[in-house]
Amino acid sequence: MPALELGYGPDAVKFDYDGARFDVLAPDTNKAHPLTDAEIGVALDAPIDSPPLEDLIEPGDRVLIVASDATRATGSPQVINLLVRRLIQNATAPGDIAIIFATGIHRPVRQEEKLELLSPFIAQRIRTIDHDAYDASQLIQIGVNANGAPVKVNRALREFSKVILTGAVGFHYFAGFTGGRKAICPGLAAAETIKATHMLALDFESGGRRAGVGAGSLSGNAVNEECERVAAMIDPAFIVNSIVDDRGRVEQAFAGDWRAAHGRACEVYTSSHARRIPERRELVIVSCGGSPYDINMIQAHKALDMAAHACADGGSIILLAECGDGLGRPDFLKWFKSADSRALEARLREGYEVNGQTAWALLTKTERFRVRIITQLPDDDVRRMRMIPARSIEEALVDVTPNSKGYLMPRGAALLPLA
């Protein structure tokens, strides 16, 4: 009987499965391998729609490198190390370089996480900046949105003469893809700017998700387009976006113009991480892919969203999500006081909050599917979110129709099923 290792926090759960009952849905990365420094250097030497980095950065420029936080695996230790080395070789003084963490409204990056995200060598030598979306002293207005509301971002984006974006490309359940413009908005935006951008995912007139918004969608996606419009107000000088493997190592690198390189990365990612399926099935067992993708419930929901694309209405989804950091927001559970997703949507219409939308998206899935979760979250919290706690896959399968056909998704957040 075949076996599959399903990521769970820093560890994995082994699952022996019937190959006649389950099909495995996983990215097509058979030809991929972790890139060496020299191979990433090739991408830096041949940037997409952009002059080389060395021609863009002049001696005396103050350079801000934007890095993802601990909820993302981006290959940042390798990528940022190479960028810093190139900048210094190009006569940029180390004191003129800083790294800012694009945390959006997430918690701050901890010191031990900085060492992991940047490598001890870089973290101990290059100044780092912590973004706080709620700290008015950190924020400046750079424009207005379509409704005339202020667009505010971290002032460091203006105080440095050149901005370099980094990050990984992956599917995002309403922005279409991660990476690219998201390093600026929501990554370094004010909380109110993030709120105004994210609420575009919902159609408050007809109800539900706005047309064009969804995983793998950029064109016609109102959230993506607004994030890109905000990023254009900064006009970053350069970008390095990566595609990473299941261990967070860089498999492919895309450098150059912040729009063009990100767009190309999204195309390549889709070609290997979206898979056509013959049908939606009654059962889907999905792992977020382990840490950091299941660091908290708000992040783990992204794997659940992908599993929903493969599950038949009324079917069962078994989600493996350790959630060692808890829910992701201390006030997340307040949204589940709503009787159902329609009532929750009405609350959002009256007083929108970013994580309320995540709660709404989660609740719509628990209404469509029977969701069991293997997690460290307290059972009472799980039940309040309308999910069923389980201690093992075997326990979660007890109430599932025997021999019902299903799918296994070992990297749930990284695979988009196309029915």
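With the whole protein complex present, Lys14 retains an accessible surface near 130 Å², based on a 1.4 Å probe.
Taking the average, over residues, of other Cβ atoms within 10 Å as the packing measure, peptides 274-282, 5-13 rank 5-13, 274-282 from highest down. Based on Cα contacts under 8 Å between residues 6+ apart, the range 152-204 shows a relative contact order of 34 percent. Seen from Tyr269, the other residues with C-beta closer than 13 Å to its C-beta sum to a net charge of -1, counting Lys and Arg as +1 and Asp and Glu as -1. Of all lysines in the structure, the ones whose alpha carbon falls short of 21 Å from that of Lys14, not counting any fewer than 8 places away in one chain, are Lys405.
Neighbours of Lys195, meaning other residues whose beta-carbon lies under 12 angstrom from its beta-carbon, give a summed charge of -2 when Lys and Arg score +1 and Asp and Glu score -1.
In the full protein context, the chain carries 40 Å² of accessible surface per residue, based on a 1.4 Å probe and ignoring ligands, DNA and RNA. Pairs of Cα atoms nearer than 8 Å and 6+ residues apart set the relative contact order; for the chain it is 20 percent. Once neighbouring chains are kept in place and the probe is 1.4 Å, which whole percent of the accessible area of the range 102-192 is contributed by carbon and sulfur? So the carbon and sulfur contribution to the accessible surface is 51 percent. Tilt of helix 258-273 relative to the longest C-alpha principal axis of the chain, in degrees (0 to 90, nearest 10)? Its long axis makes an angle of about 30 degrees. Relative to the longest principal axis of the Cα atoms of the chain, helix 76-89 runs at roughly 10 degrees.
Partners of Lys337 within straight-line reach, counting lysines whose Cα lies under 19 Å from its Cα and excluding those fewer than 8 residues away in the same chain: Lys365.
Could you pull out the GluC sites (Glu not before Pro) across the range 146-246 that fall in loop regions by DSSP (anything but H, G, I, E, B) with no more than 16 other Cβ atoms inside 10 Å? Answer in residue order: Glu205.
Database remark: amide H of Leu416 closer than 5 angstrom to the amide H of Ala274, Arg275 (H placed geometrically; neighbours at sequence offset of 5 or more, or on other chains; Pro and chain starts carry no H).
What fraction of the Cα pairs in the chain, stated in percent, has a spacing above 30 angstrom? Before the final figure, lay out the partial values.
Working: 35266 of 87571 pairs.
Cα-Cα pairs of the chain separated by over 30 Å account for 40 percent.
For Gly207, neighbours were defined as the other residues whose beta-carbon sits under 15 Å from its Cβ, and their charges (Lys and Arg +1, Asp and Glu -1) total -1.
The values are calculated or read from the model by the stated rules, or taken from the named source; none is laboratory data. Treat the numbers as computed from the prediction; the structure is a model and nothing was measured. Every residue, glycine among them, receives a Cβ derived from its backbone with ideal geometry; neighbour counts consider all protein chains shown. Accessible surface areas use protein heavy atoms only, side chains included; no ligands, DNA or RNA. Shrake-Rupley method; radii C 1.70, N 1.55, O 1.52, S 1.80 Å.
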